[in-house]
Every structure is written in structure tokens, then in C-alpha cells.
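The values are calculated or read from the model by the stated rules, or taken from the named source; none is laboratory data. Bear in mind that the values here come from a model prediction, so they are computed numbers and not experimental data. With ideal geometry, Cβ positions are generated from the backbone for all residues, glycine too; neighbour counts draw on all protein chains shown. Only protein heavy atoms, including side chains, enter the accessible area calculation; ligands, DNA and RNA are left aside. Shrake-Rupley method; radii C 1.70, N 1.55, O 1.52, S 1.80 Å.
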2 protein chains.
Amino acid sequence: MLIECIPNVSEGRRPEVVAALADTIRSTPGVHLLDFSSDASHNRSVFTLVGDAAGVEAAVIALFERALASIDLRTHKGEHPRLGAVDVVPFVPIEGATMADCVALARRVGAIVAERFQLPVYLYEEASTNPARKNLEDIRRGEFEGLAAKMASPEWAPDFGPAVPHASAGATVIGARMPLIAYNINLATDRLDVAKKIAAAIRHSSGGFRFVKAAGFMLADRGIVQVSMNLTNYEKTPIFRVFEVVKREAARYGVQVLESEIVGLIPSAALHAAAEHYLQIEGFKPDQVLEAKLKLKG
Amino acid sequence: MLIECIPNVSEGRRPEVVAALADTIRSTPGVHLLDFSSDASHNRSVFTLVGDAAGVEAAVIALFERALASIDLRTHKGEHPRLGAVDVVPFVPIEGATMADCVALARRVGAIVAERFQLPVYLYEEASTNPARKNLEDIRRGEFEGLAAKMASPEWAPDFGPAVPHASAGATVIGARMPLIAYNINLATDRLDVAKKIAAAIRHSSGGFRFVKAAGFMLADRGIVQVSMNLTNYEKTPIFRVFEVVKREAARYGVQVLESEIVGLIPSAALHAAAEHYLQIEGFKPDQVLEAKLKLKG
């Protein structure tokens, strides 16, 4: 069973601190650190690790310990909104793991770090226990600086830990979600209004697909516009359906799709689903993929 | 490095002989037997194994030894054409292996089995040393019964081994090829002539795509027709291009594509290429596939 975890930590300017956090993950048995990157203007780093449930749990708890010892939000500045030293910790099912496994892991890790570090923990997305606290943006609104006032309200009592912020580490948001696909479609036009209208048409918040976040941007250096998206559940809102609707909406303005791009990683199954759709493949089973079959035998 | 090998053996009616051949492969270190199946009317069995070059080589040589001890083509009957007790042995590059690796392995195994068992060996497809002997069908024409007469001609001197047939085991065809995709497209019509015309339009032998073999069939129980294909090089003749041409050709007769189907295994990359094509994805790299990234780290 493989689970991915993508902790977001509020430190992106001191490389030695980030390197120590990466080493903490790397030195945990049963876990691989796939990637990490820091953004100085955001003053934030993102780590991507995978492993079995026990390995990921151990690595994340060790990461909390190291991060809380070296990060103080009272002196932290950055462009990205944040609530805590370890700001957000999503668990994502990859291979042989279910969403239920990730929800259970999120709650278990939340309970442990709340207890061990006296840190308030909010559960979000699939691990949420409260519909009003499913969205990360809602939980994080007001940020670290507004946290004490926010937590004074009973509706913002945390899922685990004390009902007041940790003095230096604030609070942490832990949860479970599907793999996120960062997907952009570039249009053969410089009309930003078209990109913005299409983004509004397809995103959930304004009436579009349930698992799409979207915005329209100008790519000034290329003289074209982009519909930039996060697909938050590629099983329920598949990439091909989003692409086809963007293409149709663009055509309505006399605009063609120039190209699309996948930013970062994509689960193989999301690409297979697109192939199945366009090739009209019926009755396909995942174990017909040669590499999957090899893995089962390996 | 992973190489796949799919030996075709001329025995499909004696389960104990087939089971012993499967055991021979299974007991070779460094090799996994992915699958095997027998066809009684063909009197033939097909084994699918994968492993590193050394493992596959050892398994195939052991398979020859066992097969030659238990199969006598002088008393063999079956519908499928065959030249030898071990009839055809293709090596296929899978992961981290190139076609050149498979050609080298085919020639090495060919030389060893020719020497050890005094068996004539013909090299075919990518391992062929002679353009007139690239196609399996050409080499196999005349079958076991016509082999002595055929080999009397200098142009049919084998690549390895004696210039006369092995008394009980005939000759063997060994080579290297790309993974083969068995791909069918079902049409929403009962007009067999349409399926046959489309098959003729897309197959290499009558002017179609270089790496397509195709035939039209009636699926009597469903009242529809099928264009049944083997795609012999999905990199050079991609599945999406074949599908689109079949769809266009069918439309010319007022016929729609009902569905398509993958029979057996397909390399993940063949599905990814279809997704890239239809979604117009630019700049995609194989290591953006999450599972590939995990494997690199694993």
C-alpha cells in the first residue's frame, strides 16, 4: 500500500532549515522523498513523500518535531496565506490504498501531533468532520495573526488539541484528498476575457464542474492566454471532459485550443481514462496495462 | 532491464506436457511467468515471461531442452501453421531495455540452441539478417512437412545450426520485435463488406499503415462486424491514428464506431500517447507519470 503526503511548511528562506527537514524525511525507513521545493517570496516549502502508512506516519511526526523546533510564525512573513509552522498536511491514496485508509491516517496523525506538541489540529477535505470546515481556504482565513480571535468562537474549536493557538506554531490543517492534477489549456488568442469567461464556466465555484478550480491568465511573453486549472478529483471530473468543454467554449468565441500542459505529476490512470474515452475502449481492465501486470508479479 | 519473451510451442493437447514447460520457466531464477495458455484445436501453447536478459536466456534454453524431449512434430497435428517443436521465440523490450538488447539476445540464444540441440534457427523481424526473411509467415511457409525440401535451397540456409531439419523438432524462428497490441474496433453495422474494406484500407499489406495487420470479421452473436488488428509497432503507428482513420473510413459508408477493445496486454506508453494526442498535451515527459516517478525512487 502506497500513500503520498505533501506537507507544506512555513519556511522558504533558510535553506539549512529546509535541508534539515528534507533529511528528516529521507532518514525515515519505508519512505521516499520524491521532491521538495522552496519559494522565497511565499516563504514556504513543499515536500512530496511516499511510503506505506506506517512509514509516512513516522516521517510526518518527525517532520513536525523538527519544524516546530526551528520555525516561529511570530516572526514569519510571506505572500502565501498560512496558519501554522507546519501549515497543511494532505494524505493521498496512490497504489493499493483507499481514501478511507488516508482519512484514517490523517485522523491518527492529527491526534498524535496534537497530543505530543500541544498543537490545535483541523481536519479538512475527505477527513473533515464538519461540512463547514471541508475547504482549506475557509479554515485558513484570518491566518496565523487572526487565529486566537477565530479560535475564541466555539465553531472553530479544533478537531484535536488545545482550543488556543500554539504560541510559535499556530495550528495545522491535516486531511485526505485525491491526487491533484495541475492542468493548463493555452488558447490561440490574446483575449484575456475569453480565458476568464471559460475559467468561470468550468470551475465549481461559479457553476462548473464539481472538482475544477480555474482562472484565466495572460501569458504575456507568448501573446496568448491560458485557462489554468487544478483538477481535484480526476476520477469524478475526468480531464478529457474538462478539455472538451474548454474546447467547445473557446469555439463559441471563434478561438482554438493551441495546446494543453500537465504541470508536475499525473497519475497514470488519469491518462488511461482519456485514452479509453477517445478510443471508445470498452471492457478495459487496469491489469491489462503491461506495467501493472509486471508489478503484480514483481 | 526487463525483457519479455513469448515462446510459442507446438503442444496444446497434453496438459501435463504444458504444465512441465511452465514449471521449467517458473523455476528459473530472475524470471516471472506472467501467463500461459493452450489451444487444443491449434495444438499450440503460448507462454509469456519477463526478466532480465540473463534470466530470460536461461529460461528459454531450459524450455527448448524440455520441449524437444517431449514433442515430436512427425506426429503433431493442429490448425495453426508451425515449423518446429518450439515454433517461434520473440524477445520484446519492456523497461530499460532497447531493441538492440533484444536483437543481441535473440542472436545469442539462437546460436546456443542451434549448437546445443543441433537445431536449425532462423532469425526474424528486427533480428533478421536478410530482408527476405524478416516476416515470420515467409519463413514458416511450407511448415514442418515442407521443411526438408525448402532447406535444400541455399537461400533457406538457416542463420544458425545444420542445413537440414531436426528430425523431430524441425526448425525454430527466433527474433526481436516491439510489443504487439491486439486491438479490435467494432462497427455499428452487420455489413461485413464494410469491415473488410476498412481492414484493407488500413493494413500494411494492401497499402495502409506500416505496422498494422488487419482483417474484417462478423460477430454473428451480436449482429455487428469487427475490424480486428495487430499493431506491431505502437510508437511508429500509434493506436489513435489507426482509430481515427477507421472512424473516418466507416463514416464514408454511413457507419459509426460502436466501441473498441484491447485484447490482452498493452504498454502504458501506448495509452499515454493517445491521451497526449487527444488532449493536445505539449512538452509532456514520461517521468511526470506518478507511477514512473515512484519506480525511479523505489
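Do we have A:Asp221 as surrounded by fewer than 16 Cβ atoms within 10 Å (Cβ to Cβ) and either in a loop (DSSP other than H, G, I, E, B) or touching a helix residue (DSSP H, G or I) at 6+ places or on another chain (Cβ under 9 Å) (or both) here?
Details: surrounded by fewer than 16 Cβ atoms within 10 Å (Cβ to Cβ): yes; either in a loop (DSSP other than H, G, I, E, B) or touching a helix residue (DSSP H, G or I) at 6+ places or on another chain (Cβ under 9 Å) (or both): yes.
Against the criterion (surrounded by fewer than 16 Cβ atoms within 10 Å (Cβ to Cβ) and either in a loop (DSSP other than H, G, I, E, B) or touching a helix residue (DSSP H, G or I) at 6+ places or on another chain (Cβ under 9 Å) (or both)), A:Asp221 qualifies.
In this entry, A:Ser228 is excluded by the filter for residues that are in a helix (DSSP H, G or I), out of contact with any Asp or Glu (no Cβ under 7 Å at 6 or more places or on another chain), more than 10 Å from chain B (Cβ to nearest Cβ) and of a type in the set (S, T, N, Q).
Residues checked against (1) touching a Cys at 6+ places or on another chain (Cβ under 6 Å); (2) buried (at least 24 other Cβ atoms within 10 Å of the Cβ); (3) assigned to a strand (DSSP E or B); (4) among the hydrophobic types (A, V, I, L, M, F, W, C):
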{"position": "A:Glu65", "(1), (2), (3), (4)": "no, no, no, no"}
{"position": "A:Ala69", "(1), (2), (3), (4)": "no, no, no, yes"}
{"position": "A:Lys77", "(1), (2), (3), (4)": "no, no, no, no"}
{"position": "A:Pro81", "(1), (2), (3), (4)": "no, no, no, no"}
{"position": "A:Phe91", "(1), (2), (3), (4)": "yes, yes, yes, yes"}
{"position": "A:Ile94", "(1), (2), (3), (4)": "no, no, yes, yes"}
{"position": "A:Cys102", "(1), (2), (3), (4)": "no, yes, no, yes"}
{"position": "A:Ala106", "(1), (2), (3), (4)": "no, yes, no, yes"}
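In the range B:130-153, which residue that is assigned to a helix (DSSP H, G or I) and small (Gly, Ala, Ser) is modelled with the lowest pLDDT?
B:Ala132
Figure legend. Inter-residue proximity from the range A:53-73: first residues free of Cβ contacts under 8 Å to residues at least 40 places away in the same chain, second residues open to solvent by 10 Å² or more (accessible area, probe 1.4 Å) and assigned to a helix (DSSP H, G or I), beta-carbon distance below 8 Å, spacing 6+ or different chains. Indicated pairs: A:Ala62/A:Thr24. Within the range A:42-75, the residues that satisfy the criterion of being hydroxyl-bearing (Ser, Thr, Tyr) and over 17 Å from A:Pro93 (Cα atoms) are A:Ser45, A:Ser70, A:Thr75. A search for C-beta distances below 7 Å between a residue of the range B:2-16 that is within 14 Å of chain A (Cβ to nearest Cβ) and under 13 Å from B:Val92 (Cβ atoms) and any residue that is among the charged types (D, E, K, R) and not in a loop (DSSP other than H, G, I, E, B), counting only pairs 6+ apart in sequence or on different chains, returns B:Leu2/B:Glu95; B:Ile3/B:Asp101. The set of residues in the range B:224-236 that are surrounded by 20 or more Cβ atoms within 10 Å (Cβ to Cβ) and polar (S, T, N, Q) comprises B:Gln226, B:Ser228.
Taking the criterion of being surrounded by fewer than 20 Cβ atoms within 10 Å (Cβ to Cβ) and within 7 Å of another protein chain (Cβ to nearest Cβ), the residues of the range A:279-290 that qualify are A:Gln280, A:Glu282, A:Gly283, A:Phe284, A:Gln288.
Remark: pairs (first residue in the range A:93-114, on the phi > 0 side of the Ramachandran plot; second residue at pLDDT below 95 and open to solvent by 30 Å² or more (accessible area, probe 1.4 Å); Cβ separation under 6 Å; 6+ apart in sequence or on different chains) = A:Gly96/A:Met1.
Within the range A:108-129, count every residue that is part of a strand (DSSP E or B) and out of contact with any Ser or Thr (no Cβ under 8 Å at 6 or more places or on another chain). Let's see the steps before the verdict.
Here is the first cut: in the range A:108-129, the residues part of a strand (DSSP E or B) are A:121-125.
In the following step, the residues that additionally are out of contact with any Ser or Thr (no Cβ under 8 Å at 6 or more places or on another chain) were identified as A:124-125.
Count: 2.
Considering only the range A:14-45, state which residues are among the basic types (Lys, Arg) and in contact with a Gly (Cβ under 8 Å, 6 or more places away or on another chain).
At the first step, the residues of the range A:14-45 found to be among the basic types (Lys, Arg) are A:14, A:26, A:44.
Correct list: A:Arg44 only.
Just need a number here: residues in the range A:264-273 that are at the interface with another protein chain (Cβ under 7 Å from one of its Cβ atoms) and free of Cβ contacts under 8 Å to residues at least 40 places away in the same chain. Residues meeting the conditions: 3. Any idea which residue in the range B:154-183 is farthest from B:Ala53 (Cα to Cα), counting only those that are in contact (Cβ under 8 Å) with a residue 24 or more places away in the chain, outside any loop (DSSP other than H, G, I, E, B) and open to solvent by 30 Å² or more (accessible area, probe 1.4 Å)? My answer is B:His166.
For the structure I just gave you, tell me whether B:Gly55 is assigned to a helix (DSSP H, G or I) and within 14 Å of chain A (Cβ to nearest Cβ).
Values: assigned to a helix (DSSP H, G or I): yes; within 14 Å of chain A (Cβ to nearest Cβ): yes.
Yes, satisfied.
Looking at B:Arg108, B:Arg74, B:Arg14, B:Arg26, just one residue is at pLDDT 95 or above and within 30 Å of B:Glu235 (Cα to Cα), and that residue is B:Arg108. Annotation note: of B:Ile174, B:Ile198, the sole residue that is over 29 Å from B:Leu83 (Cβ atoms) and β-branched (Val, Ile, Thr) is B:Ile198. Of all residues in the range B:195-218, those being part of a helix (DSSP H, G or I) and of a type outside the set (A, V, I, L, M, F, W, C) number 5. Considering the range A:20-63, and only residues there that are among the charged types (D, E, K, R) and surrounded by fewer than 20 Cβ atoms within 10 Å (Cβ to Cβ), the residue that is nearest to A:Ile3 (Cα to Cα) turns out to be A:Asp52. Just so you know, in the range A:241-255 the residues that are more than 10 Å from chain B (Cβ to nearest Cβ) and open to solvent by 60 Å² or more (accessible area, probe 1.4 Å) include one that is farthest from A:Val194 (Cα to Cα), and it is A:Arg241.
Have a look at A:Glu276, A:Glu261 and point out the one that is part of a helix (DSSP H, G or I), open to solvent by 40 Å² or more (accessible area, probe 1.4 Å), among the charged types (D, E, K, R) and at the interface with another protein chain (Cβ under 9 Å from one of its Cβ atoms).
Working: A:Glu261 fails: part of a helix (DSSP H, G or I).
Just a single option satisfies the conditions, and that option is A:Glu276.
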